[in-house]
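Okay, structure first, notes after.
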Amino acid sequence: MTAAITVGLSGLAGWRVLQRMESRQLEATAKDPTVQRATAYLQENLTATTTAADLVGDYKMLQVALGAFGLDSDLASKAFIRKVLEADLGDSASLVNRLGDKRYLKLAQAFDKRTDAVATGKALTQAYVQRQFEKRVGEGDESYRLALNARNEVKAFATRTSSDKTLWYEVLGNEPLRTVFAGAFRMLSSIANLSVDRQLEEFMSASERFLGSSSFSAISTDATIDKLTTRYLALSQVQTATTSNRYAAALSLLSR
């Protein structure tokens, strides 16, 4: 169990404190002996000749590779991950390109660049440290972990040439990212029962209302990302308080 990162406050006040201490905590996470051993092992053992079979057969390397993309829960799904890594990135019909969760595509793309093993190792290490930091924050407050992840994911969209619809489909397929957008838009969980195309319409329409645009050229700016994350955190805090009050009221009635 890793040590949770806590800020002593909740909601937006805690979020602002977390932002101020982020660089220091990221550095501390990178220097953690467990994290250092894991990333050093990957950098020492990942080579240009490492195959997909080699990677999934080496628990220590696979743990870092998957952890770099928040796919830790797939550690036991070795056959599936091997298919992802061996898929043809240039074929739009291949498994990795058909998966709604584009974190798998990012994993495959990173592995595909292993001809420059040093650069790939460093990139995976940086992403792994970031995810470990987010995970430790999440052990203190899960909503902060989701907000950090959303901030970084959406910011990365600014460098993409994909269409807005393509990026929105990625939001829908990425559960942590979808949670933040849905929370900020006050969407009910029942929206998942709609067709994917209808969900796309609903998310884009809500983005126009709450963020002022459904285009990621506007959404991925620092100001709009801050609007998204603060709205998500504020509404999450209200929901938590409401749930807590209802629970307290129920206990009060039961104790009479």
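The values are calculated or read from the model by the stated rules, or taken from the named source; none is laboratory data. This structure is a prediction, so every number in the text was calculated from the model and none was measured. Positions of Cβ are backbone-derived with ideal geometry, glycine not excepted, and every protein chain shown enters the neighbour counts. Accessible surface areas use protein heavy atoms only, side chains included; no ligands, DNA or RNA. Shrake-Rupley method; radii C 1.70, N 1.55, O 1.52, S 1.80 Å.
Quick rundown of the values:
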quantity: Members of the stretch 86-110 found to be open to solvent by 50 Å² or more (accessible area, probe 1.4 Å) and over 25 Å from L46 (Cα atoms), listed by number; calculated: D91, S92, A93, R98
quantity: Residue that is out of contact with any Asp or Glu (no Cβ under 9 Å at 6 or more places or on another chain), modelled with pLDDT under 95 and assigned to a loop (DSSP other than H, G, I, E, B), where the choices are R256, R246; calculated: R256
quantity: Residue in the stretch 22-37 that is farthest from T229 (Cα to Cα), counting only those that are aliphatic (A, V, I, L, M) and under 20 Å from the mean Cα position of the chain (by Cα); calculated: V35
quantity: V17 vs. criteria over 18 Å from E139 (Cα atoms), free of Cβ contacts under 8 Å to residues at least 60 places away in the same chain and either within 19 Å of the chain's Cα centre (by Cα) or not in a loop (DSSP other than H, G, I, E, B) (or both); calculated: no
quantity: Hits in the stretch 1-25 - residues which are within 23 Å of L124 (Cβ to Cβ) and buried (at least 17 other Cβ atoms within 10 Å of the Cβ); calculated: I5
quantity: Listing of helices (runs of 4 or more DSSP H) fully contained in the stretch 123-237 that carry 1 or more residues being touching a Pro at 6+ places or on another chain (Cβ under 9 Å); calculated: 142-157
quantity: Those residues of the stretch 97-122 which are assigned to a helix (DSSP H, G or I) and more than 18 Å from the chain's Cα centre (by Cα), in sequence order; calculated: N97, R98, F111, D112, A117, V118, A119, T120, G121, K122
quantity: Subset of the stretch 53-76 (residues that are part of a loop (DSSP other than H, G, I, E, B) and open to solvent by 40 Å² or more (accessible area, probe 1.4 Å)); calculated: A76
quantity: Index of the failed condition, A48 passing every other in (1) of a type in the set (A, V, I, L, M, F, W, C); (2) open to solvent by 40 Å² or more (accessible area, probe 1.4 Å); (3) assigned to a helix (DSSP H, G or I); calculated: (3)
quantity: Single condition T120 does not satisfy, out of (1) under 20 Å from E44 (Cβ atoms); (2) at pLDDT below 95; (3) open to solvent by less than 30 Å² (accessible area, probe 1.4 Å); calculated: (2)
quantity: Set A192, A147, A182: member being surrounded by 20 or more Cβ atoms within 10 Å (Cβ to Cβ), free of Cβ contacts under 8 Å to residues at least 24 places away in the same chain and under 20 Å from the mean Cα position of the chain (by Cα); calculated: A182
quantity: Search result, residues across the stretch 64-85 that are farther than 20 Å from T49 by Cβ and of a type in the set (A, V, I, L, M); calculated: L66, A68, L71, L75, A76, A79
quantity: Residue in the stretch 21-31 that is under 30 Å from L233 (Cα atoms) and part of a loop (DSSP other than H, G, I, E, B) present; calculated: no
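For (1) open to solvent by 30 Å² or more (accessible area, probe 1.4 Å); (2) without any contact (Cβ under 8 Å) to a residue 40 or more places away in the chain; (3) of a type in the set (G, A, S), each residue gets a yes or a no:
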residue	(1), (2), (3)
K78	yes, yes, no
D112	yes, yes, no
D141	yes, no, no
F157	no, no, no
T161	yes, yes, no
D164	yes, no, no
W168	no, no, no
